[in-house]
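First comes the structure, then the notes that go with it.
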Amino acid sequence: MTDLSWYAKKSTANAHLTALDHFFSQLGLGPAVVRRDDAPKLAPRALDAPQQKRYLRAVERRPLARDCAIGRLLLY
């Protein structure tokens, strides 16, 4: 499994800086002058066959038909 903790830290820091930009703009100070790290664009990881099977089994255990339908749609 790939460790993505470094990615989450960069994106979290960038989100906080964006919030500060909005806050400073509301105060009339303009955006914060801070260098930002570009987080690489990562493609979502697909589920392999055993993970798909486990997911579908978990979806089928849901009591509401609506939940089952939404769960199936998310997979396909």
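The values are calculated or read from the model by the stated rules, or taken from the named source; none is laboratory data. Not measured: the values here are computed from a predicted model. Reconstructed Cβ throughout: ideal geometry from the backbone, glycine too, with neighbour counts over all protein chains shown. In case anyone asks, the SASA skips ligands and DNA or RNA and just uses the protein heavy atoms, side chains included. Shrake-Rupley method; radii C 1.70, N 1.55, O 1.52, S 1.80 Å.
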Next on the checklist: Leaving ligands and nucleic acids out of the surface, order Leu75, Leu20, Leu27 by accessible area at 1.4 Å, largest first.
Outcome noted: Leu27, Leu20, Leu75
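At a threshold of 8 angstrom on Cα-Cα distance, excluding pairs fewer than six apart, so keeping six or more, what relative contact order does the chain reach in percent?
The normalised contact order for the chain reaches 20 percent.
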Next on the checklist: Only helices at least 30 Å long along their own axis, judged from Cα atoms, and with Kyte-Doolittle mean hydropathy of -0.5 or greater: name those in the chain from DSSP H.
Outcome noted: 5-26
Checklist entry - How long are the three semi-axes of the equivalent ellipsoid of the chain, in whole Å, if each is the root of 5 times an eigenvalue of the C-alpha gyration tensor, listed from largest down? => result 40, 18, 9
Checklist outcome for this item: Along the dipole axis of the chain (charges at Cβ: +1 for Lys and Arg, -1 for Asp and Glu; origin at the Cα centre), the most positive-end residue among Phe23, Ala46, Thr12 is Ala46
Item to check | Carbon plus sulfur fraction of accessible area for the chain, probe 1.4 Å, in percent | outcome: 61 percent
Checklist outcome for this item: Under a 1.4 Å probe, counting only protein heavy atoms, Ser11 has an accessible area in Å², nearest 10, of 50 Å²
Item to check | Cα-centre dipole for the chain with unit charges at Cβ (Lys and Arg positive, Asp and Glu negative), debye to 20 | outcome: 400 debye
Item to check | Solvent-accessible ranking of Asp37, Asp21, largest area first, probe 1.4 Å | outcome: Asp37, Asp21
Checklist entry - Rank Lys53, Lys41 by accessible area, highest first, at a 1.4 Å probe radius? => result Lys41, Lys53
